[in-house]
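Asker: One structure coming up, written as structure tokens, with questions to follow.
The values are calculated or read from the model by the stated rules, or taken from the named source; none is laboratory data. Predicted, not measured: the structure shown is a model, and the values here were computed from it. Note that each Cβ is placed from the backbone with ideal geometry, even for glycine, and that neighbours are counted across all protein chains shown. Surface areas here come from the heavy atoms of the whole protein model, side chains and all, with no ligands, DNA or RNA. Shrake-Rupley method; radii C 1.70, N 1.55, O 1.52, S 1.80 Å.
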Amino acid sequence: KIKLVTGDIQSERGSTFYGVAARANSIHDVRRAYKKVALLDPGATHVMAAYVIKNNQGKLISDHADDGEHGGGIRLLETLQKNNLQGNVCFVLRHYGGVHIGYRRFIHIKAAADSAVHKLLNK
């Protein structure tokens, strides 16, 4: 069963970002977590994702997705890799507020991911 942990909300000029993390031991778990996140907040403008898991042969595999937020998914993957977090998936959801915030979006994406991962590890 996939249990989602939600991190703190980050906001700037009308946009909001928040992270969601879960334990995942397979691609199937990653997909199930994504479906739960999509149902959790169907109004999100972007749902960025990253995971680090072991495949059936025990080899570490990872991937990320930006969902239109160019450069967002790699920030999530870097958070997982930097903290040596295997067997986890992380998402950051963004509600676009109508104002471009440029590079500052990466600060909020990283903070949202860090918050969710921190809460997952301390659960």
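Asker: Looking at Val30, His70, Thr45, which one has the Cα that reaches farthest to the positive end of the dipole of the range 1-78 (charges on Cβ: Lys, Arg +1; Asp, Glu -1)?
Answerer: Checking the options against the dipole of the range 1-78, the answer is Val30.
Asker: Hey, can you grab everything whose amide H is under 5 Å from the amide H of Ser15? Only 5+ residues off in sequence or another chain; H modelled, so Pro and N-termini drop out.
Answerer: Those lying under 5 Å, H to H, from Ser15 are Gly97.
Asker: Here's something else I'd like to know. Quick check for me: using +1 on Lys/Arg Cβ and -1 on Asp/Glu Cβ, what's the dipole size of the chain about its Cα centre, in debye to the nearest 20? If you can, show how the numbers build up before the last one.
Answerer: Details: 18 positive and 10 negative charges, 85 e Å.
Computed charge dipole of the chain: roughly 400 debye.
Asker: What area, in nm² and to one decimal, does the C-alpha convex hull of the chain cast on average over all directions?
Answerer: Numbers: hull surface 27.8 nm².
For the chain, the mean projected area of the Cα convex hull comes to 7.0 nm².
Asker: Quick one: if the Förster radius is 22 Å, what FRET efficiency do Ile101 and Ile74 give, using the C-beta to C-beta distance and rounding to 0.05? Intermediate results must be reported in sequence, preceding the final value.
Answerer: Working: r = 18 Å, r/R0 = 0.82.
Given R0 = 22 Å and the Cβ-Cβ separation, E is 0.75.
Asker: Got a number for the accessible area of Arg13? Probe 1.4 Å, square angstrom, nearest 10.
Answerer: Number for this one is 140 Å².
Asker: Then there's this: Working from Cα positions, state the angle (0 to 90°, nearest 10) between the long axis of helix 72-82 and the longest principal axis of the chain.
Answerer: Approximately 50 degrees, to the nearest ten.
Asker: What list of ³J(HN,Hα) couplings, whole Hz, do you get for the range 15-30 from phi and the Karplus terms 6.51, -1.76, 1.60, once you set θ to phi - 60° and write x for glycine and proline?
Answerer: Using θ = phi - 60°, the values come out as 8, 10, 10, 8, x, 9, 10, 7, 6, 8, 10, 7, 4, 4, 4, 4 Hz.
Asker: Please turn the phi angles of the range 38-52 into ³J(HN,Hα) values with the Karplus equation 6.51 cos²θ - 1.76 cosθ + 1.60 (θ = phi - 60°), one per residue in order, whole Hz, x for glycine and proline.
Answerer: 4, 6, 4, 8, x, x, 5, 6, 9, 10, 7, 8, 7, 8, 9
Asker: Taking the chain as a Gaussian network, where each spring joins two C-alpha atoms under 10 Å apart, which residue of Asn83, Asn56, Asn25 fluctuates the most?
Answerer: Sorting by GNM fluctuation, first place goes to Asn56.
Asker: When ligands, DNA and RNA are left out and all protein chains stay put, how many square angstrom of accessible area per residue does the chain have with a 1.4 Å probe?
Answerer: Values: 6630 Å² over 123 residues.
Spelled out: the 1.4 Å probe surface of the chain, per residue, equals 54 Å².
Asker: Cα-Cα over 19 Å: which of Lys3/Lys110; Lys1/Lys82; Lys1/Lys36; Lys54/Lys119; Lys3/Lys82?
Answerer: Numbers: Lys3/Lys110 21 Å; Lys1/Lys82 26 Å; Lys1/Lys36 11 Å; Lys54/Lys119 22 Å; Lys3/Lys82 23 Å.
As for pairs spanning more than 19 Å Cα to Cα, those are Lys3/Lys110; Lys1/Lys82; Lys54/Lys119; Lys3/Lys82.
Asker: With a 1.4 Å probe and every protein chain kept in, tell me what percent of the accessible surface of the range 11-77 is carbon plus sulfur.
Answerer: Values: 1870 of 3600 Å².
Roughly 52 percent of what the probe reaches on the range 11-77 is carbon or sulfur.
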